[in-house]
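Since every read-out is calculated from the coordinates, none of them should be taken as a lab result. Here the structure is a predicted model, which means the values were calculated and not measured. All Cβ positions, even for glycine, are placed from backbone atoms using ideal geometry, and neighbour counts span all protein chains on display.
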Amino acid sequence: MGDSGLTTERAYWVAWAQAKGLGSVLLKRLNSHFGSLAAAWQAEESALLEVEGVGLGLASQLADYRQQVNPDDVLIYYEGQGANFWTPADPDYPTLLYEITDPPPLLYYQGRTELAQAVQTMPSVAIVGTREPSDYGQRWTRRLVQQLVSHDVIVVSGLASGIDRHAHGQALDSQGLTIAVLGTGVDRSYPWNNRALQDRIAQEGLLLSEHPNDTPPDRTHFPRRNRIIAGLSRATVVTEAPLRSGALITARLANDYGREVYALPGSLDNPASLGCLDLIRQGAQMIWDDTTLIRDLGQIPQLDAPPLQALSSRAPAVFPPSPSPAPANLSPDLATVLAAITPEPITLDYLVQSLNRPTGDILSSLLHLELEGLVTQTPPGSQTYQRC
């Protein structure tokens, strides 16, 4: 059926992956049913119907495809494109990733190849979130990554702007290991301002993609990319995300794959925290402090649970400290503005809308509160304020 009799299992993976109508889920079922894709290639058309999801039309289409294609020729073509890739038949393909229901049949790579199998012997954690994180989200992403790296945990993310960028960057800055999963070819940068970081990961970490070299970004690639992030990780952490976020797709997939899901709680006043709070509402584990993950991963001994009275008096580290109390001599107008400002940054527009007062009045009040040392601009010169 179009093979030489000496064809490798790697060639069959590449050849089957090009068959129309045969996605990654059915391809794994085909391999599992017949024991190998070589055996599937030789199977009768009627035997293909025994695979769940393969109907009469697809079985006939696949049988015709096999008659027209030589797996060795397909492999030679793909290997001649100048890109390095693995198939599940190759020893370096991450076996943790193959455990998911829809593993990529071709996994292109650039960088330290030993990290692909390191996820089998070392804990790996995905850190994902919004492309527009607050200072709080950035700070806690870096803080969590520092702790993970210090306990030999591999950090996995998607090399997007925002949380992903901070996760990869902090992992490298802490001399740790990181894997970036791209929605483009491993030779393409998106967004472009991540080019320097991507080059650094190619040298010190590992870049992965299911797309061949020179593949440009496409909106359909990124949700699919998220399943690889989840599949490479024993746990997924969302540090900051709005209710509509690709990070929540990653969390859902991780849950579907039987992996742990964590979320960092944030302020109800911050729309970028609402996705995390919703995950916690649905049962995701909450990040209480920067050792939550490494304790749960078994990297440090579990601590005895504190008594209830201790819990009630101990503020978890993820929550901001209590703001300074308002001075007793503060005017009612200033007190009203101060009460609307939280320890987490909020914008001038939010204050104007929530207090229903003229912008000039709000700005005047903010100036007085800054002079009193009760609020601060974050960053200086911006129109974002937070309680001191």
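If you split all Cα-Cα distances of segment 332-387 into 10 Å bins from zero, what percentages do you get per bin, shortest first?
26, 67, 8
What residue among 178, 130, 336 has the largest mean-square fluctuation in a Gaussian network model of the chain, using Cα springs under 10 Å?
336
Taking neighbour Cβ counts within 10 Å as the exposure measure, how do 128, 237 sort from fewest upward? Present the calculation step by step, with values, prior to reporting the outcome.
Working: 128 31, 237 34.
Ascending Cβ contact count within 10 Å gives the list 128, 237.
Mind checking the full-extension length gain between residue 135 and residue 113? Use 0.36 nm per residue of separation minus the Cα-Cα distance, one decimal, nm.
Details: separation 22, 0.36 × 22 = 7.92 nm, distance 3.37 nm.
Result for the pair: 4.5 nm of gain on full extension.
From zero up to wherever the largest Cα-Cα distance of segment 4-51 sits, split into 10 Å bins and tell me the percent of pairs in each.
All Cα pairs considered, the percentages come to 27, 62, 11.
With the cut-off at 1.5 for a/c, could you classify segment 186-273 from its C-alpha gyration tensor as rounded, prolate or oblate? Working shown, then result.
Working: a/c = 1.86, a/b = 1.54, b/c = 1.21.
It is prolate, given that a/c is not under 1.5 and a/b is the larger ratio.
Mind listing the long-range amide H neighbours of residue 387? Cut-off is under 5 Å, sequence gap 5 or more, other chains count too, H placed in the peptide plane at 1.01 Å from N.
So residue 387 has HN proximity to 342, 344.
Check which residues have an amide H placed less than 5 Å from residue 185's amide H, if you skip close sequence neighbours.
Sorted by chain and number, the residues that satisfy this are 214, 215.
Efficiency by 1/(1 + (r/R0)^6): what FRET value for residue 173 and residue 56, r their Cβ-Cβ distance, R0 = 41 Å, to the nearest 0.05?
On the way: r = 56 Å, r/R0 = 1.37.
For residue 173 and residue 56, the calculated efficiency is 0.15.
Using a 7 Å offset from Cα along Cα-Cβ at residue 146, what residues in segment 164-188 end up with backbone N under 11 Å from the label point?
What the label zone holds, given the 11 Å backbone N cut-off, is 174.
Would you mind computing, in nm to one decimal, how far apart the modelled labels at residue 161 and residue 73 are, each placed 7 Å from Cα along Cα→Cβ?
Result: 4.6 nm between the two label points.
If you average 1/r over every pair of different alpha-carbon atoms in segment 9-80 and take one over that average, what Kirkwood value in Å do you get? List each step's numbers first, then the result.
Numbers: mean 1/r = 0.0828 Å⁻¹.
Over segment 9-80, the inverse of the mean reciprocal pair distance is 12.1 Å.
Which ordering of 347, 250 is given by a fewest-first count of other beta-carbon atoms within 10 Å? Mind dumping the intermediate values first?
Numbers: 347 12, 250 30.
Fewest-to-most Cβ neighbours within 10 Å comes out as 347, 250.
Could you give the length gained by full extension between residue 357 and residue 286, i.e. 0.36 nm per residue of separation minus their alpha carbon distance, to one decimal place?
Values: separation 71, 0.36 × 71 = 25.56 nm, distance 3.71 nm.
My answer for the length gained is 21.9 nm.
Could I have the simple spin-label model distance between residue 44 and residue 81, label points 7 Å from Cα toward Cβ, reported in nm to one decimal?
With each label point 7 Å from Cα toward Cβ, the separation is 3.6 nm.
Compute the signed sum of charges (Lys and Arg +1, Asp and Glu -1) over the other residues within less than 14 Å, Cβ to Cβ, of residue 143.
On the way: positive: 139, 142; negative: 135, 173, 240, 289, 290.
Computed value for this residue: -3.
Taking the Cβ-Cβ separation of residue 33 and residue 90 as r and a Förster radius of 30 Å, what is the calculated FRET efficiency to the nearest 0.05? Write down the numbers at each step before the final one.
On the way: r = 21 Å, r/R0 = 0.70.
Given R0 = 30 Å and the Cβ-Cβ separation, E is 0.90.
Give the long-range amide H neighbours of residue 240: residues separated by 5 or more places, or on another chain, with amide H under 5 Å away, using H modelled in the peptide plane at 1.01 Å from N.
130
Can you tell me how much longer the chain between residue 220 and residue 331 gets when fully stretched, taken as 0.36 nm per residue apart minus their C-alpha distance, in nm with one decimal?
Working: separation 111, 0.36 × 111 = 39.96 nm, distance 5.45 nm.
Answer, rounded to one decimal: 34.5 nm.
Quick one: give the max-minus-min coordinate of the C-alpha atoms of the chain along each principal axis, largest first, in Å.
Result, largest extent first: 90, 48, 41 Å.
Counting helices only, and only those DSSP H runs with n ≥ 4, report the 222 nm mean residue ellipticity of the chain as the sum of -39,500 (n - 2.57) divided by its residues, in deg cm²/dmol to the nearest 500. Write out the running numbers ahead of the final one.
Details: 19 runs with 172 residues, N = 388.
Using -39500 (n - 2.57) per qualifying helix, the result is -12500 deg cm²/dmol.
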